[in-house]
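Here's the structure we're looking at; comments come further down.
The values are calculated or read from the model by the stated rules, or taken from the named source; none is laboratory data. Just so it is clear, the structure is predicted and the values come from calculations on it, not from any experiment. Cβ: placed from backbone, ideal geometry, glycine included. Neighbour counts: every protein chain shown.
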Amino acid sequence: MKNLLLLAFFLISTVVVNLARAQGTERADLSVSSGAVLPDRLELPAQASLLHADTHQGDGQYGPECLLMERCSSSPSLVLSSTVADSGPADSGSGYIQSAVKATEAQTSQTVQWKSLLEQSSFYVGVMHGFRIATEPGTRAGLHNSVVGGYFNAVGSLHGWSDGDGYYENYLGHPIQGAVSGYLWVHNDPRYRVTEFGSSRDYWMSRLRAYAFAWAFSEQFEIGVASEASIGQIQRYCKIQSPDRCGTGFVDHVITPNAGIAFMIGMDALDKYVTQRIEDRTANTKIRIISRLALNPAQSFANLMAFQAPWHRENRPGVRSYDGDAYAAIKPQEEPKDPSGLPDVPRFELTASVPSFLRLGSLSCLGGGGIGAFRLTDSWQWTLHVDGCALVRGLPQKWHGDSLTFATGPQWISHSAGRWSPHVHMRAGGQKVTEQDGTESSLQGQKVSSSLPLAPDNQIETTGFSFSVGGGMDIKLNRALGLQLANLEYVHSWLGTLNDVNLNNGFRFSMGLVLRVGTW
């Protein structure tokens with residue numbers, strides 16, 4: 001649960017500090033405390049006519065109220081670099097004019113702000129590693145290993161699915177990590193920064209780009225230069241918190257980005273349809289802050305990593321000045337496409353399958369996975385499937401285990417102008433099942449170390465060819481997003497018997513969120 005504890009610690013501490021600072025603050029008159037008189041209206045270049053300007057990216061300090069909309073705006077959609085951002089109003093309007101011009105230049109730029117993205121991402125990585133070193137004895141012990149040799153040993157130890165963490169950390173904490181890195185990308189992507197959830201092409205292009213970055217960020221954190229494999233080299237060792245569970249699998253490599261994008265989309269929807277409606281009905285600052293934090297913790301944490309107030313939003317003003325107008329509504333958009341001219345058949349579909357339930361003989365396995373489907377014809381796709389789960393029922397007492405499946409094959413699917421898409425698939429690949437004896441007798445003699453090396457003598461596994469056939473039903477929510485209501489498949493694997501259980505036959509049931517590319 002370390003990811004959730006880290007998130008809670010930063011959010012709670014920052015909220016307390018900012019609420020104390022905000023207590024009794026009134027922004028209605030926006031008077032200048034220094035006594036300087038600002039002009040009633042500032043002249044800006046023509047391309048700034050639809051933009052707000054401010055001397056701060058988040059909530060707190062505000063600039064002149066009347067650049068266009070005749071009101072104060074925190075303008076979170078703009079990247080400003082004015083030196084008066086945190087020091088209060090300037091002695092004249094020149095500082096605000098310079099900030100507005102810089103804001104206009106930033107907004108009209110289509111280039112990703114790589115410098116600030118790398119800075120914020122590096123800070124995020126540093127925070128997570130700092131938390132690991134402070135709270136994990138095994139990570140601290142691994143710091144004394146050989147840097148190069150230890151790194152390659154750690155990466156070489158990866159196998160199977162489970163990594164020894166609990167279900168909620170793998171399927172809640174790590175997806176939140178993926179969503180946080182995705183929001184860091186959004187913050188530094190001027191072209192699509194102010195988009196909000198909906199059917200627009202801008203929104204889905206933004207999230208697709210964020211997904212790609214979240215995947216790269218996740219891989220770096222797992223096996224990159226500044227990763228768990230290089231700092232602490234935990235893949236070489238059992239979890240010191242639960243030495244009976246020595247998992248070093250690929251669960252985070254699959255779940256973090258795939259479930260992370262699903263979390264992003266879900267929290268974006270909550271922000272638009274719940275949080276904004278709360279803000280439309282009340283001007284109470286504390287209620288607005290709480291709703292923004294509670295309904296989108298991932299974006300709140302990403303704001304902290306970008307040194308902004310956690311309730312900052314890219315697509316609308318701050319909690320004190322928002323009055324119903326979002327930046328996405330006034331941002332110049334591309335000419336909308338006629339839906340009748342758009343294709344109904346996507347070029348590519350990505351399904352985040354969480355949860356996924358697998359029954360193998362008398363064993364029950366709970367986890368998740370991902371499916372990529374590439375269009376061959378209007379009715380046929382070629383699919384790649386990776387799925388894994390932790391054995392939760394059927395093993396002897398104190399035993400633990402997991403299953404990893406990787407397969408590929410054709411899929412028939414019906415895409416039409418309607419909402420329903422039935423599909424049938426057939427895939428072939430491999431499956432690996434690992435089980436581990438966690439009883440006291442199997443661990444005796446290993447507990448002398450603060451970080452326990454993997455012990456093949458108390459671990460058994462089997463790997464074999466796997467074949468599956470099944471089908472399901474998807475429902476289209478809009479042109480870019482679908483919901484996989486059900487997918488049921490029969491799985492036959494040549495695994496034989498492990499721990500007196502025949503693993504050759506099984507059934508898998510899954511649900512998930514489907515991202516459709518090429519229909520918007």
Scan segment 470-485 and tell me whether some residue there is modelled with pLDDT of 95 or more and either over 30 Å from Tyr203 (Cβ atoms) or basic (Lys, Arg) (or both).
yes
Arg313 fails exactly one of (1) touching a Ser or Thr at 6+ places or on another chain (Cβ under 9 Å); (2) crowded, with 19+ Cβ neighbours inside 10 Å; (3) within 27 Å of Gly370 (Cβ to Cβ), namely (3)
For segment 275-310: of the residues being loosely packed, with under 15 Cβ neighbours inside 10 Å and part of a helix (DSSP H, G or I), which is farthest from the chain's Cα centre (by Cα)?
Arg281
Hey, could you check segment 196-207 for residues that are assigned to a helix (DSSP H, G or I) and not hydrophobic (A, V, I, L, M, F, W, C) and say which is farthest from Val186 (Cα to Cα)?
Arg201
Output the residue which, of all residues in segment 498-520 that are among the polar types (S, T, N, Q) and either at pLDDT 90 or above or in contact with a Cys (Cβ under 6 Å, 6 or more places away or on another chain) (or both), is farthest from Thr408 (Cα to Cα).
Asn502
Does segment 479-492 contain at least one residue that is among the β-branched types (Val, Ile, Thr), more than 23 Å from the chain's Cα centre (by Cα), crowded, with 18+ Cβ neighbours inside 10 Å and not in a loop (DSSP other than H, G, I, E, B)?
yes
It is to be established whether one or more residues within segment 208-219 are touching a residue at least 40 places away in the same chain (Cβ under 8 Å) and part of a loop (DSSP other than H, G, I, E, B).
no
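Yes/no matrix, rows are residues, columns are (1) touching a Lys or Arg at 6+ places or on another chain (Cβ under 8 Å); (2) closer than 28 Å to Leu503 by Cα:
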position	(1), (2)
Arg375	yes, no
Ser379	no, no
Leu384	no, yes
Val392	no, yes
Asp402	no, yes
Would you mind listing the helices (runs of 4 or more DSSP H) fully within segment 116-189 where at least 2 residues are touching a helix residue (DSSP H, G or I) at 6+ places or on another chain (Cβ under 8 Å) and farther than 17 Å from Tyr211 by Cα?
137-142, 147-156
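Filter the strands (runs of 3 or more DSSP E) completely within segment 332-446 down to those with at least 2 residues that are touching a His at 6+ places or on another chain (Cβ under 8 Å), modelled with pLDDT under 95 and of a type in the set (A, V, I, L, M).
On the way: elements: 348-360, 363-375, 380-393, 399-413, 420-437.
The qualifying strands (runs of 3 or more DSSP E) are 380-393.
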Just one listed residue, out of Thr408, Thr377, is of a type in the set (Ser, Thr, Tyr) and touching a Leu at 6+ places or on another chain (Cβ under 8 Å), and it is Thr408
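Considering only residues that are aromatic (Phe, Trp, Tyr) and touching a helix residue (DSSP H, G or I) at 6+ places or on another chain (Cβ under 7 Å), look in segment 195-237 and name the one that is nearest to Asn145 (Cα to Cα).
Here is the first cut: in segment 195-237, the residues aromatic (Phe, Trp, Tyr) are 197, 203-204, 211, 213, 215, 217, 221, 237.
Cutting the leftovers down to touching a helix residue (DSSP H, G or I) at 6+ places or on another chain (Cβ under 7 Å) gives us 197, 211, 213, 215, 217, 221, 237.
Values: Phe197: 46, Tyr211: 34, Phe213: 30, Trp215: 28, Phe217: 24, Phe221: 19, Tyr237: 12 Å.
So the residue we want is Tyr237.
Would you mind finding the one in Ser181, Ser157 that is modelled with pLDDT under 85 and in the same structural domain as Phe307 (by TED's automatic domain parsing)?
Details: Ser181 fails: modelled with pLDDT under 85.
Only one candidate passes the filter, namely Ser157.
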How many residues, within segment 140-158, are surrounded by 15 or more Cβ atoms within 10 Å (Cβ to Cβ) and either more than 24 Å from the chain's Cα centre (by Cα) or under 30 Å from Tyr192 (Cα atoms) (or both)?
9
